[in-house]
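Quick notes on the structure that follows.
Computed from the coordinates by the stated procedures, all read-outs in this text should not be read as laboratory data. Because the structure is a prediction, the values reported are computed rather than measured. Using ideal geometry, Cβ is built from the backbone for each residue, glycine included, and neighbour counts are taken over all protein chains shown.
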């Protein structure tokens, strides 16, 4: 006899189902928007395909009321596939988050270099004082 889940268990199952759906949406959007012209993009696409397959397998494993060990193993496989995608996505995502804060400083350095001001003079240059008469 199967007992009905309590409201707390039901809320937990709902949260798990939503997390699985959100992860599935994210993987599909990443795969859809990913160009496959470069080797690293092809590598990420392969990992996303694997993650998508595992995302389909996990809810089936749960729905079939498989033992907890199988559900945990399926979730662990999915986690590993997502972790394998992460380095390629992070490494090739563009400039780091702090780059916008450094943009004015970088722009200033480039401007000084274009004007031919030597690097030693660029560091803490004191303003010139008018000569006394």
Would you confirm, using the coordinates I've provided, whether residue 42 is without any contact (Cβ under 8 Å) to a residue 12 or more places away in the chain, part of a helix (DSSP H, G or I) and over 30 Å from residue 68 (Cβ atoms)? yes
Within the range 57-69, work out how many residues are surrounded by 11 or more Cβ atoms within 10 Å (Cβ to Cβ) and either over 17 Å from residue 13 (Cβ atoms) or touching a strand residue (DSSP E or B) at 6+ places or on another chain (Cβ under 9 Å) (or both). 1
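To keep it simple, each residue is scored yes or no on (1) touching a residue at least 40 places away in the same chain (Cβ under 8 Å); (2) out of contact with any helix residue (DSSP H, G or I) (no Cβ under 8 Å at 6 or more places or on another chain).
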{"site": "14", "(1), (2)": "no, yes"}
{"site": "21", "(1), (2)": "no, yes"}
{"site": "30", "(1), (2)": "yes, no"}
{"site": "34", "(1), (2)": "no, no"}
{"site": "52", "(1), (2)": "no, no"}
{"site": "61", "(1), (2)": "no, no"}
{"site": "76", "(1), (2)": "no, yes"}
{"site": "80", "(1), (2)": "no, yes"}
